[in-house]
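The values are calculated or read from the model by the stated rules, or taken from the named source; none is laboratory data. Owing to the predicted nature of the structure, the values given are computational and were not obtained by experimental measurement. Neighbour counts are summed over all protein chains in view; Cβ atoms, including those assigned to glycine, are modelled from backbone coordinates with ideal geometry.
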Amino acid sequence: MSTSEMSRARRHLETTKKMKEMLPRFFTRMIERRFSNEPLAWCMVGVPPELLKAFDLLWEWPENFGTMCASRLVAPRFIEVAEGDGYSQELCSYVTNTMGYCKLVKETGEAPPESPLPGGMGNPSMLLGSGFICEPRWKWFQSIATRFLDVPVYSSDPLSPPWDVDPHDPRIADHYQQLIREDLFGQVEFLEKQTGKKLDLDLLREIMALSHKALAYWRDTLALRQAVPCPMGSTDYFSAIIPQMYMVGEAEAVDFYREIYQEVKARVDNKIGIVEDEKYRLVWFGLPPWFNLGIFNYLESFGAVFALESTYNVGDNFEVDLGNPLEAIVKRTWQRALRMHDYGSEVMPELCNPAVFGGFYGSKLLDEVVRDFSLDGAVMHLTRSCRAVSFGEVHTKNRLAAMGVPSLIFESDMADPRLWSDAQIKTRLHAFLETMRRQD
Amino acid sequence: MSKQLQGLARATHIASRRDERICALKKETGKPVIGYLCCFAPPEIISAAGAIPYRITGRPGDTTSEADAYVEPYGCTYVRNILAQAAKGRLDFLDGLVISHSCDMVQRLYGVWTYYRPLAYSRLFNVPHQLTPWSQRFFHRELGFFKESLEQFTGVTVTADQLKQTIARYNRNRTLIRELYALRRENPPLIKGSEMLDLLLAGGAVPAEEYITLLEETLTEVKARALPDPPGPRLLVWGSLLDDSTFYRMIEEAGGSVVTDDTCIGFRVWDQDVPETGDPLEGLKEHYLVNFQCPRTDRGPGVKRFDYILERAERYNVDGVVGYIISFCDPHKFDYPDLRDHLKKADLPMLLIDDNYSFTPAGAIKTRLQAFMEML
Ligand code: SF4
Ligand code: SF4
């Protein structure tokens, strides 16, 4: 890779451009609190952020920190430090990014100057891991707490039924929900002990109501992308997930998602697409190359737009009764599992907390997706260091081929730009578009 | 042929023809063969349900391009190898399949395999990563579902007593294996690491009763051996799955002696007995979830989680540790730096071999092994 080959995303929506003011305002508030040593949890996707907010905790997502380090092209610096420590290049690059970062913090006593946020990720007082989606997401915290930080860890551990078991069988449903429920109680008990506070269920309910409201706008926004021409593309999509990760349960986040909905709706009504001449409508599978989101704009320059992404997809599983907010978390998690099962979970048998996101692969609902979004093809990013999300791309490719939908798999990584080979990838993408044109 | 051979010769014979042996057994008994991967779904239950448990093994170094039609090139090379075996039709003798959710890769192998090549019986045995009371309750329920699904498939109802008897038989195997392992606490060790692994591999392809005889014969045979030459450095092998004795033979050729291990198929499964509890599923849960040491299970942060390795190293008077990790094996790759540092503090040097499940290039691996032995 060379730095000049990487380009930042150009967004199309006014609302996402506004994040440039909204997020720094939020981060400044958060960083002030971090500097005054308020309790801070590092957590993994799958941990319900609403719960953390109900405990008035500060939180940081090392996964997201990985995306920020990637987009600022500082990830290789941290990853190389971790590699020097014996961490394999094959391990998730978000993990090695954090490992290198933590090592530097331990050695120097402060956040490395390259860190994207002032003060880096702060000094956590606890680590909240999760077995959602992949193994690295709890091994990671186990290693951090072994090598770098002597803080308590709680890793949640939900499981979901495999593709060939009927989740509607009441015994199976109970079997899995019992685990999700008891694990959630364990998490609450841990948080109560660490914060010295009792969980305020009324507050949790209020936060969840706001969170779900924001998610409902986001879900409806994503559905609007079925329109031709497509009113919103991937650069806006991958940016707009950030407010829900950090500002969950805040009125400002609800406003943000309402505005994005309204803006996208207006574009649909006025038939405004993101490219002038929409030639190809695509679906994106896998994590994006955060260090080079400009690749989406590159494809747009040939009239190719992504109407849908398989990752960070929220679905509509949050329509649950909030009377008992903890049970609501159990239910929405379970509904997510059911939804994944409906998609056909043979290659992605994991569930994910819909408060943030999950993915879809599988066999059963693909034709629905292709039809509803009028898709012409699929581009799949095979991330070398994240097999959890890229596993299943070949299977999905097979499934799409059976439906007559062409697809391309290209290899790189989500956070490690050393695995990006610009000329080769662009040639392949270009050739793929050409094949689709010939098929027209 | 294998019936005329005895002890180690017989074990080596079976280990090199495991599938032939199992097909013959299937023919003789008329029982269905259930293949399994990983060590969480108890073969005791398969056996008690009137089926033949068969530990599936790969073929190191064999082509895996047949797997490309179904899975990505990045991923545990062992899992890719197994899928390629299935795709080549080499596992068609299996009537059923149970794969436990040990690591991400194996869990996903299950879906792809059963989607493209469905079997008469298949089951994903789901396993939590934590050891909390609720994870243990889940595992216990999962054992029940597993038993039930097998009963439906074979038509045999498994009573608690039958299951207890089967567990007792398997425990007898465990005791004998530990006795054989103990023969390597001595110096020089009476049985080689490669011989021991072949014996264990044979065990995955014969019924427990027959295995008892094989182990007893081997024990008598080995105990009567004249002491071999004093060996080179005494080693513990730690790491991902090793289901082929080639690697141990490479170590032996380089002058080392594998006296114990912490690997699947190896000592991880035999180190302790299944507790013989009133509710047999309870004992199986204790053994297969709580006591079974695999880095895919969360035993909390801190190096205490490796103490059992240090204890074993001490018990077997080990000079050094060889780590063997298969490419893209997350659970082991995560643990390696912590383990290496912990061993270093205990003055135990460690050599890591990162391999794509082919033991190649053999020359380079041997050179590294030799250099390590010399250093020891
Ligand atoms: S899902 Fe992939 S990127 Fe995310 S933590 Fe797991 S391995 Fe890393
Ligand atoms: S070698 Fe590692 S990645 Fe492969 S199946 Fe075993 S534990 Fe999983």
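Taking the listed residues A:L128, A:L91, the one that is within 30 Å of B:Y324 (Cβ to Cβ) and in contact with a helix residue (DSSP H, G or I) (Cβ under 9 Å, 6 or more places away or on another chain) is A:L91, with no other qualifying.
Taking B:T77, is it within 16 Å of ligand 2 (Cβ to nearest atom) and touching a strand residue (DSSP E or B) at 6+ places or on another chain (Cβ under 7 Å)? Full working, then the answer.
Values: within 16 Å of ligand 2 (Cβ to nearest atom): yes; touching a strand residue (DSSP E or B) at 6+ places or on another chain (Cβ under 7 Å): yes.
Yes, satisfied.
Can you find, within region A:144-170, the residue that is nearest to the other protein chains (Cβ to nearest Cβ) among those that are closer than 10 Å to A:H341 by Cβ and surrounded by 23 or more Cβ atoms within 10 Å (Cβ to Cβ)? Going through the qualifying residues, I end up with A:W163. Just to be sure before I move on: is A:A173 facing another protein chain (nearest Cβ under 7 Å) and either in a helix (DSSP H, G or I) or surrounded by fewer than 22 Cβ atoms within 10 Å (Cβ to Cβ) (or both) in the structure I sent? No.
Residue check: is A:I272 among the β-branched types (V, I, T) and touching a strand residue (DSSP E or B) at 6+ places or on another chain (Cβ under 7 Å)? For A:I272, the condition - among the β-branched types (V, I, T) and touching a strand residue (DSSP E or B) at 6+ places or on another chain (Cβ under 7 Å) - is not met. Residues of region B:321-344 that are at the interface with chain A (Cβ under 10 Å from one of its Cβ atoms), more than 9 Å from ligand 2 (Cβ to nearest atom) and either hydrophobic (A, V, I, L, M, F, W, C) or farther than 21 Å from B:F359 by Cβ (or both): B:F334, B:D335, B:P337, B:D338, B:L339, B:R340, B:D341, B:H342.
The set of residues from region B:101-132 being over 17 Å from B:R90 (Cβ atoms), more than 16 Å from ligand 2 (Cβ to nearest atom) and of a type in the set (A, V, I, L, M, F, W, C) comprises B:A120, B:L131.
For A:A328, state whether it is small (G, A, S), buried (at least 19 other Cβ atoms within 10 Å of the Cβ) and more than 23 Å from A:S390 (Cα to Cα). Yes.
Return the only residue of A:A209, A:A240 being within 28 Å of A:V389 (Cα to Cα) and more than 10 Å from every other protein chain (Cβ to nearest Cβ).
Numbers: A:A209 fails: within 28 Å of A:V389 (Cα to Cα).
One residue alone meets the criteria, A:A240.
When B:P118 is tested against (1) more than 7 Å from chain A (Cβ to nearest Cβ); (2) in contact with a helix residue (DSSP H, G or I) (Cβ under 9 Å, 6 or more places away or on another chain), exactly one condition is not met: (2). Just wondering, is there one or more residues in region A:13-27 that are farther than 30 Å from A:V188 by Cα and in a loop (DSSP other than H, G, I, E, B)? Yes, region A:13-27 contains at least one residue that is farther than 30 Å from A:V188 by Cα and in a loop (DSSP other than H, G, I, E, B). Scanning region B:165-182 for residues that are surrounded by fewer than 18 Cβ atoms within 10 Å (Cβ to Cβ) and farther than 14 Å from B:E209 by Cα yields B:R178, B:E179, B:A182. Filter region A:361-382 down to the residues that are surrounded by 24 or more Cβ atoms within 10 Å (Cβ to Cβ) and not in a strand (DSSP E or B), then identify the one that is farthest from ligand 1 (Cβ to nearest atom). Applying the filter and picking the extreme gives A:G362. Residues in region B:61-76 that are closer than 28 Å to B:H129 by Cβ and within 11 Å of chain A (Cβ to nearest Cβ): B:A67, B:Y70, B:V71, B:E72, B:P73, B:Y74, B:G75, B:C76.
Could you please find all residues in region B:85-113 being in a loop (DSSP other than H, G, I, E, B) and within 15 Å of B:Y70 (Cβ to Cβ)? Quick ask: steps written out before the conclusion?
Quick first cut of region B:85-113, residues in a loop (DSSP other than H, G, I, E, B) only: B:88-95, B:101-103.
Residues satisfying the conditions are B:K88, B:G89, B:L91.
When region A:383-404 is filtered for residues that are at negative phi, surrounded by fewer than 19 Cβ atoms within 10 Å (Cβ to Cβ) and in a loop (DSSP other than H, G, I, E, B), only A:M403 remains.
Criterion applied to B:F145, B:F93, B:F139 was being more than 14 Å from ligand 2 (Cβ to nearest atom) and without any contact (Cβ under 8 Å) to a residue 12 or more places away in the chain, and the one residue passing it is B:F145.
Filter region A:277-304 down to the residues that are of a type in the set (G, A, S) and either away from chain B (no Cβ under 14 Å) or within 16 Å of ligand 2 (Cβ to nearest atom) (or both) and list them by number. Spell out the reasoning first.
Here is the first cut: in region A:277-304, the ones of a type in the set (G, A, S) are A:286, A:294, A:301, A:303-304.
Matches in region A:277-304: A:G294, A:S301, A:G303, A:A304.
The number of residues in region B:182-204 that are of a type in the set (G, A, S) and either at positive phi or in a loop (DSSP other than H, G, I, E, B) (or both) comes to 1. If you go through region A:69-108 and keep only what is within 13 Å of chain B (Cβ to nearest Cβ), without any contact (Cβ under 8 Å) to a residue 40 or more places away in the chain and of a type in the set (V, I, T), you end up with just A:V81.
Out of the residues in region B:91-105 that are at the interface with another protein chain (Cβ under 10 Å from one of its Cβ atoms) and away from ligand 1 (no atom under 16 Å from the Cβ), which is nearest to A:K139 (Cα to Cα)? Looking at residues that are at the interface with another protein chain (Cβ under 10 Å from one of its Cβ atoms) and away from ligand 1 (no atom under 16 Å from the Cβ), I get B:S102.
Evaluate the following for B:V318: is it at negative phi and away from chain A (no Cβ under 14 Å)? Give the derivation first.
Working: at negative phi: yes; away from chain A (no Cβ under 14 Å): yes.
Yes: the conditions hold for B:V318.
What is the number of the single condition among (1) crowded, with 24+ Cβ neighbours inside 10 Å; (2) out of contact with any Gly (no Cβ under 7 Å at 6 or more places or on another chain) that B:G50 does not meet? Here B:G50 clears every test but (1).
Residues in region B:267-286 that are of a type outside the set (D, E), touching a residue at least 24 places away in the same chain (Cβ under 8 Å) and within 21 Å of B:I46 (Cβ to Cβ): B:R268, B:V269, B:W270, B:Q272, B:V274, B:P280, B:L281, B:G283, B:L284, B:K285.
Here B:Y110 meets the list (1) away from every other protein chain (no Cβ under 11 Å); (2) surrounded by 24 or more Cβ atoms within 10 Å (Cβ to Cβ) almost entirely, failing just condition (1).
Would you say A:E300 is under 23 Å from A:D376 (Cα atoms), under 17 Å from the mean Cα position of the chain (by Cα) and charged (D, E, K, R)?
Values: under 23 Å from A:D376 (Cα atoms): yes; under 17 Å from the mean Cα position of the chain (by Cα): no; charged (D, E, K, R): yes.
Spelling it out, it is not the case that A:E300 is under 23 Å from A:D376 (Cα atoms), under 17 Å from the mean Cα position of the chain (by Cα) and charged (D, E, K, R).
Of the residues in region A:178-189, not one is surrounded by fewer than 18 Cβ atoms within 10 Å (Cβ to Cβ), hydrophobic (A, V, I, L, M, F, W, C), more than 9 Å from chain B (Cβ to nearest Cβ) and touching a Pro at 6+ places or on another chain (Cβ under 8 Å).
Checking the stated criteria, B:D229 turns out to be over 30 Å from A:F141 (Cα atoms) and at pLDDT below 95.
Contact annotation: residue pairs with Cβ atoms under 7 Å, 6 or more positions apart or on different chains, pairing a residue in region A:269-280 that is in contact (Cβ under 8 Å) with a residue 40 or more places away in the chain with a partner that is acidic (D, E), are A:I274/A:E300; A:V275/A:E300; A:Y280/A:D376. Looking at region A:129-155 only, could you name the residues that are outside any loop (DSSP other than H, G, I, E, B), touching a residue at least 40 places away in the same chain (Cβ under 8 Å) and away from ligand 1 (no atom under 14 Å from the Cβ)? Of everything in region A:129-155, just one residue is outside any loop (DSSP other than H, G, I, E, B), touching a residue at least 40 places away in the same chain (Cβ under 8 Å) and away from ligand 1 (no atom under 14 Å from the Cβ), namely A:R147.
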